[in-house]
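See below for the structure under consideration.
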Amino acid sequence: QVQLVESGGGLVQAGGSLRLSCAASRIISSINVVGWYRQASGKQRELVATVTRGGKTTYADSVKGRFTISRESAKNTVYLQMNSVKPEDTAVYYCGADFLSRDYWGQGTQVTVSL
């Protein structure tokens, strides 16, 4: 099993920055894929960014060049650095992990971007 705990959400003005953290209960390098996903009100959950065990990263087109996913192995934590945020980035952000062919999710953290 993997427990995931997100933190770092909050209210930020458009154009500002925010860093989300996802603390995992297992060594990050043992998890196949860890990623950030988001769900805006009334919409389906969508992929934001992922990082594989080998360090390969992928991003949604809507966040490329603005968001960066990274890992800190010593803390078993994955980060999402969000820069130049826009009102359309407002959503609940979830950390997700693919471990031994099962999906695990955190409880989510709210990010609200104001004009």
Of the residues that sit in segment 100-115 and are among the aliphatic types (A, V, I, L, M) and open to solvent by less than 50 Å² (accessible area, probe 1.4 Å), which one is nearest to Ser7 (Cα to Cα)?
-> Val111
Could you run through segment 70-99 and say how many residues are open to solvent by 10 Å² or more (accessible area, probe 1.4 Å) and either within 17 Å of Thr112 (Cβ to Cβ) or not polar (S, T, N, Q) (or both)?
-> 15
Yes/no for Leu47 being under 16 Å from Glu6 (Cβ atoms) and either in contact with a Cys (Cβ under 7 Å, 6 or more places away or on another chain) or surrounded by fewer than 18 Cβ atoms within 10 Å (Cβ to Cβ) (or both) | yes
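Can you tell which of Arg19, Arg66, Arg38 is under 18 Å from Val113 (Cα atoms), open to solvent by less than 20 Å² (accessible area, probe 1.4 Å) and modelled with pLDDT of 95 or more?
Selected residue: Arg38, the only one of Arg19, Arg66, Arg38 that is under 18 Å from Val113 (Cα atoms), open to solvent by less than 20 Å² (accessible area, probe 1.4 Å) and modelled with pLDDT of 95 or more.
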Hey, any hits in segment 48-69 for a residue that's among the charged types (D, E, K, R), out of contact with any Pro (no Cβ under 6 Å at 6 or more places or on another chain) and more than 21 Å from Val92 (Cα to Cα)?
-> yes
Would a scan of segment 56-65 turn up a residue that is under 10 Å from the mean Cα position of the chain (by Cα) and in contact (Cβ under 8 Å) with a residue 12 or more places away in the chain?
-> no
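The values are calculated or read from the model by the stated rules, or taken from the named source; none is laboratory data. Since we're looking at a predicted model, the values are computed, not measured. Ideal geometry is used to build each Cβ from the backbone, glycine not excepted, and the neighbour counts take in all protein chains shown. Ligands, DNA and RNA are stripped out before the accessible areas are found, and what is left, the full protein with its side chains, is counted by its heavy atoms. Shrake-Rupley method; radii C 1.70, N 1.55, O 1.52, S 1.80 Å.
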